[in-house]
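Visitor: Before we start, here is the structure in question, set down as structure tokens.
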Amino acid sequence: MGQTDAGMKNEMFREEEMDDDDESPSERQIVVGICAMTKKSKSKPMTQILERLCKFDYIDMVIFPEEVILEEPVEKWPLCDCLISFHSKGFPLDKAVEYAKLRNPLLINDLNMQYFIQDRREVYRILQEEGIDLPRYAVLNRDPDNPEECNLVEGEDQVEVNGEVFHKPFVEKPVCAEDHNVYIYYPTSAGGGSQRLFRKIGSRSSVYSPESSVRKTGSYIYEEFMPTDGTDVKVYTVGPDYAHAEARKSPALDGKVERDSEGKEIRYPVMLTAMEKLVARKVCLAFKQTVCGFDLLRANGHSFVCDVNGFSFVKNSMKYYDDCAKVLGNMVMRELAPQLHIPWSIPMEAEDIPIVPTTSGTMMELRCVIAIIRHGDRTPKQKMKMEVRHPLFFELFEKYGGYKTGKLKLKKPKQLQEVLDIARLLLVELGQHTDCEIEEKKSKLEQLKTVLEMYGHFSGINRKVQLTYLRNGKPKASSEEEDSKKDGPSLLLVLKWGGELTPAGRVQAEELGRAFRCMYPGGQAGNRRSLGCDSPIDFGDYAGFPGCGLLRLHSTYRHDLKIYASDEGRVQMTAAAFAKGLLALEGELTPILVQMVKSANMNGLLDSDSDSLTDCQQKVKARLHEIMQKDQDFTEEDYQKLAPTGSPSLVNSMKVIENPVKTCDKVYALIQSLTSQIRKRLEDPKSADLQLYHSETLELMLQRWSKLERDFRMKNGRYDISKIPDIYDCIKYDLQHNASLDLEDTRELFRLSRALADIVIPQEYGINRAEKLDIAQAYCVPLMKKIQLDLQRTHEDEAVNKLHPLYSRGVMSPGRHVRTRLYFTSESHVHSLLSIFRYGGLLNEEKDQQWKQAMDYLSAVTELNYMTQIVIMLYEDNNKDPSSEERFHVELHFSPGVKGCEDEETIPLGFGFRPASSENEDKKPNQGSLEDLSQDEPDQALQISDPINIQRRSPMIRNRKTGSMEVLSETSPTHSTKGCTSHRLFISCSRQSPEIKPASGLELFSMPAVKRFSVSYARHPTNGFEGCSMVPSIYPLETLHNSLSLKQVDEFLNSVCESNSEVQAKTMKALSGLFASQSQISLYSPQQPLSSSGSEASLRPPSQPLWHGSIPSSAVSSAGPSSPITESSGLNFSFSE
């Protein structure tokens, strides 16, 4: 029964009562007065509630006219027994207080406390006295006559107020509660600037500004910024025991207000936890406001109150109007009926009957999505090394504590400015006297100065300087260093720049985010009514486009999403752009980055300390160099040495190369030709100041290439193989983005350097299986452990964001969550993770035909390009016994990322996304999309006339590619009651039946090589952008395996993580960094139940298998209680628990 029906029944019920009692109107009536500005007293919520209050037999209403309130003395105001009066703009609160003294009515909302509510300082003081959690804050009071005199010290990335330091991001709120100009300041590492919030104007509630310094006039409260996953919770109390809560998009995220078809801001009902209900009670009583609205921030597993608004009603909720009138009416009657001798007894109400949806048919429910994604397209990474000995550099090294570890990373604008100042100073001195004592080479200093002066401003995302202490000076290594004569200590200065996400990279990430939505239930668009426009919530902008199932999950707090990124700018920006596409946000990436992306530089979860290569890697690199230095054609022996796994991608590249040294000679000659072409262009006045892609100049492009030319061929005439990836990187970039220059032979350079790179890059991660595994473990055991926790913890946890059952019709189990964990990282982690899945022994290729095909497909993939994805999806079959292995089902998917420049002919064939059998496709048009939110009534989503028989299914016969991640164009008539069409995305719950005989299985698998129908993300219905601005499209996901059990995966992860003891110690370090705040728990004995600190955890008897029972979530999403693994570092990645 919908809310409106409930409301109408209640009204009919009350009307009948009234008809019975109408004969005896002799009793005295209770008069309730409404004293407020007309805009408020005549508003729709007020009118709806008063209409319902009138249904109480003994209650009459009187609304004080605005002119009476403003013009007349209080003696002439109407009389009443009970007063509902509240302040808003222009309301004479003093007169209302005077009237209450004169007539002494029952006050629903205390009037004197309303003076305090207008001052944020008083609000915070009262909250603090009541022991309610609020953000850490400090008050800055300024005297309007001399605003300079105040206790504010502003730093670049922090402010100090009365001795309290607030690091950015922080919030600055005017002390007057009526002033809505709240500013949020962002750290330079995220791009700086500020978000300016204001009272909603049309569809905007905030705007991003590049201004980074705080306001200099007026008094403010400064407080810590709370990372809330981009949603605010508004709570509305009616008395201490009733609270209605709803979520809306945080105004700080992108400032766009979501509105429904009637132009109202979209909000979603939310269930409050027991703690939050207690907070609502405290707020209501402390401020003596029966009807009271306040704001909650759910962050890091806690709830903080950040604003108390006083009298306010929920808009457009019939259920709330009924409840509010009922509570207020009963309250008035309880207080006043006895005094006025009115016969009245408190009515007993039947509690709301909980709605229990049932499931039918074998439909599996999506529970968890884990994706590891490489960053998007970037500018070429560049670095320059120089040895420095000037005292100024040593002073700088000491100033920032370099001597503690012997290493120093400088990324902050202030630090980079200091390095630039030193460089300028030394160059000036060098200019004045040529014979002075300055050791540093002039050319290097000039390059240092040029790079630091790029862009005209510093932002910590695109440059860094590393200093390393060398006790006896630097040993000579590459062509760069001439003979250095001096002994004694020196510093090695490494300047790194470039490697930023390009505009194309942003578009790729955002598109992928948008396409990613379609993996979620209800992600298949559908017609407008399918999105529940007759449900309590109208979806406004969300309605009728693909992926709104996810948006709805997210805003109702049933999507526990956490996004982690390593600490490199390009990775973080990719994550922010992806989040923007995934959650349909608008505007700048900085606010999204600060709120949605958790930096995961926790000792190697996503960062690899590239300087500390393992021994195994050093040996592999040495062997690789040795093989690639032979001036002869590759022999059979070389093929054995270099490609022991027999991977086709390697073998093909070796065939292209034939003789590695000759190929390097060709590459070197092509680079020389390229640099001379660029020099010629520079001499030509027409093209000298040509603007290249992403504001690069020809000058900078020449620097890039001539540095590669110098470094690739060493003094002894041999080639530095480690430069091959950089050469490939540069040519790939220029071919894509600077093709307009029409330089000669670039294609040939691309072809040869690509062949070399296809050998060097993957083989740097190990040549034979054992090495690949060993190196992979060194990189990603911490990440594997985290993935294991993510999969284990998907089982329920008491208090995490539950959706109010009344609003979740059509959701298979409303208390359930989907959990999403997205890990953005660099190439090394993606290579390593894939190696672990390929060589770690997850499945036996001999025995498992599907896995063998997946392995063949992977070994044919030449490059893990930008936006490569590895996706793990966990499903639950609610019809299976909770302790059975078949209850949880895991799928593994992969995409090699962005399409390369000349890929079309050579791409390996995969088997599509979630392949299904063709016979079933034709017979069963709607195989149910797991948790089908696109039909909103449970009966509609689940009544599929003939039961789906998942068991009889021949694996993987497909004559065309069904369902790469996009919506298929065919819409099939479904068996749903309303006959609406649903787009099929998840073709089936693909599980192979155990009955299939191996023989028939093998025949089925040998499928003809058909021209496959591959649809890229770029052809996704929400955009039409392929080709524009040369943004290459991304390969669709390919399913590697779709019938793993959770137990298999769990045991596999255990064995991989524990086979390496040195790595184990590293992992403990990383994970303890991750969970530093909570009690330490051995993550290596998963049988030990973890208790959740916020709820009664269900502890499993150790005898039960690990994948059974409920384990608290590993990273509680913004609403839940903190579990032992709530990351204190503000690291919060969430998919629904």
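Visitor: Tell me, which residue of the range 372-399 that is of a type in the set (Lys, Arg) and closer than 30 Å to Leu1037 by Cα is most open to solvent (accessible area, probe 1.4 Å)?
Guide: Per the criteria, the residue is Lys381.
Visitor: Determine which member of the set Ser859, Ser884 is of a type in the set (Gly, Ala, Ser), modelled with pLDDT under 90 and surrounded by fewer than 21 Cβ atoms within 10 Å (Cβ to Cβ).
Guide: The conditions single out Ser884.
Visitor: Kindly check whether there is at least one residue in the range 657-677 that is open to solvent by less than 80 Å² (accessible area, probe 1.4 Å), more than 25 Å from Lys715 (Cα to Cα), touching a residue at least 60 places away in the same chain (Cβ under 8 Å) and in a helix (DSSP H, G or I).
Guide: no
Visitor: Also: Hey, which of the helices (runs of 4 or more DSSP H) in the range 35-91, taking only ones fully inside, have at least 3 residues that are surrounded by 14 or more Cβ atoms within 10 Å (Cβ to Cβ) and within 49 Å of the chain's Cα centre (by Cα)?
Guide: 44-53
Visitor: A further question follows. If you check Val305 against the conditions, is it outside any strand (DSSP E or B) and modelled with pLDDT of 95 or more?
Guide: Spelling it out, it is not the case that Val305 is outside any strand (DSSP E or B) and modelled with pLDDT of 95 or more.
Visitor: Additional query: Would you please list the contacts, defined by Cβ atoms under 6 Å and residues six or more apart or on different chains, that run from a residue in the range 159-183 that is under 21 Å from His87 (Cα atoms) and open to solvent by 60 Å² or more (accessible area, probe 1.4 Å) to a residue that is at pLDDT 95 or above and not in a strand (DSSP E or B)?
Guide: none
Visitor: Identify all residues within the range 92-116 that are of a type outside the set (A, V, I, L, M), under 18 Å from Ile34 (Cβ atoms) and in contact (Cβ under 8 Å) with a residue 60 or more places away in the chain; write none if there are none.
Guide: Tyr99, Pro105, Asn109, Asp110, Gln114
Visitor: When the residues of the range 584-601 are narrowed to those that are assigned to a loop (DSSP other than H, G, I, E, B), of a type outside the set (D, E, K, R) and open to solvent by 10 Å² or more (accessible area, probe 1.4 Å), which ends up nearest to Tyr520 (Cα to Cα)?
Guide: This residue is Ala584.
Visitor: Sticking with this one: What are the residues in the range 230-253 that are acidic (Asp, Glu) and open to solvent by less than 10 Å² (accessible area, probe 1.4 Å), if any?
Guide: Within the range 230-253, no residue meets the criteria.
Visitor: Please go through the range 308-340 and give me each residue that is in a loop (DSSP other than H, G, I, E, B), open to solvent by less than 10 Å² (accessible area, probe 1.4 Å) and more than 29 Å from Glu178 (Cα to Cα), ordered by number.
Guide: Within the range 308-340, Ala337 is the sole residue that qualifies.
Visitor: Between a first residue in the range 804-829 that is over 30 Å from Gly499 (Cα atoms) and a second residue that is hydrophobic (A, V, I, L, M, F, W, C) and at pLDDT below 55, which pairs have beta carbons less than 6 Å apart while being 6 or more apart in sequence or on different chains?
Guide: Matching pairs, first to second residue: Pro805/Ile355; Gly810/Ala941; Pro814/Leu803; Val818/Phe1135; Arg819/Phe1135.
Visitor: Out of everything in the range 468-485 that is more than 24 Å from Arg713 (Cα to Cα) and in contact with a Lys or Arg (Cβ under 7 Å, 6 or more places away or on another chain), what residue ends up being modelled with the lowest pLDDT?
Guide: The qualifying residue modelled with the lowest pLDDT is Gly473.
Visitor: Let me ask something additional. So Ser687 clears everything in (1) modelled with pLDDT of 90 or more; (2) within 20 Å of Asp745 (Cβ to Cβ) except one condition, right? Which one?
Guide: (1)
Visitor: Show the residue pairs meeting these rules: Cβ distance below 9 Å; 6+ apart or different chains; first residue within the range 715-738 and more than 15 Å from Asp377 (Cα to Cα) and in contact (Cβ under 8 Å) with a residue 12 or more places away in the chain; second residue of a type in the set (S, T, N, Q) and not in a helix (DSSP H, G or I).
Guide: Qualifying pairs under 9 Å: Lys715/Ser478; Lys715/Ser479; Arg718/Gln629; Tyr719/Gln629; Asp720/Ser478; Asp720/Ser479; Ile721/Gln629.
Visitor: Does Ser345 satisfy being farther than 20 Å from Leu107 by Cα, open to solvent by 40 Å² or more (accessible area, probe 1.4 Å) and without any contact (Cβ under 8 Å) to a residue 12 or more places away in the chain?
Guide: yes
Visitor: Of all residues in the range 403-420, count the ones that are crowded, with 20+ Cβ neighbours inside 10 Å and over 28 Å from Thr697 (Cα atoms).
Guide: 1
Visitor: For the structure I just gave you, tell me whether Phe225 is among the aromatic types (Phe, Trp, Tyr), over 23 Å from Asp143 (Cα atoms) and either within 24 Å of the chain's Cα centre (by Cα) or surrounded by 17 or more Cβ atoms within 10 Å (Cβ to Cβ) (or both).
Guide: Taking the combined requirement at face value, the residue satisfies it.
Visitor: Here is a further query. Being over 39 Å from the mean Cα position of the chain (by Cα) and open to solvent by 50 Å² or more (accessible area, probe 1.4 Å) is the filter here, so list the residues in the range 104-134 that pass it.
Guide: Asn104, Leu107, Asn112, Tyr115 - these are the residues of the range 104-134 that are over 39 Å from the mean Cα position of the chain (by Cα) and open to solvent by 50 Å² or more (accessible area, probe 1.4 Å).
Visitor: Going through Leu708, Leu682 one at a time, which residue ends up being without any contact (Cβ under 8 Å) to a residue 60 or more places away in the chain, open to solvent by less than 30 Å² (accessible area, probe 1.4 Å) and either in a loop (DSSP other than H, G, I, E, B) or more than 21 Å from Gly900 (Cα to Cα) (or both)?
Guide: From the options Leu708, Leu682, the qualifying one is Leu708.
Visitor: Condition (residue is open to solvent by 20 Å² or more (accessible area, probe 1.4 Å), of a type outside the set (Phe, Trp, Tyr) and within 21 Å of Arg136 (Cα to Cα)) applied to the range 257-277: is it met by at least one residue?
Guide: yes
The values are calculated or read from the model by the stated rules, or taken from the named source; none is laboratory data. Remember, it's a predicted structure, so these values are computed and weren't measured experimentally. In this analysis, Cβ positions are derived from the backbone assuming ideal geometry, glycine residues included, and neighbour counts consider all displayed protein chains. Side chains included, ligands, DNA and RNA excluded: accessible areas come from the protein's heavy atoms. Shrake-Rupley method; radii C 1.70, N 1.55, O 1.52, S 1.80 Å.
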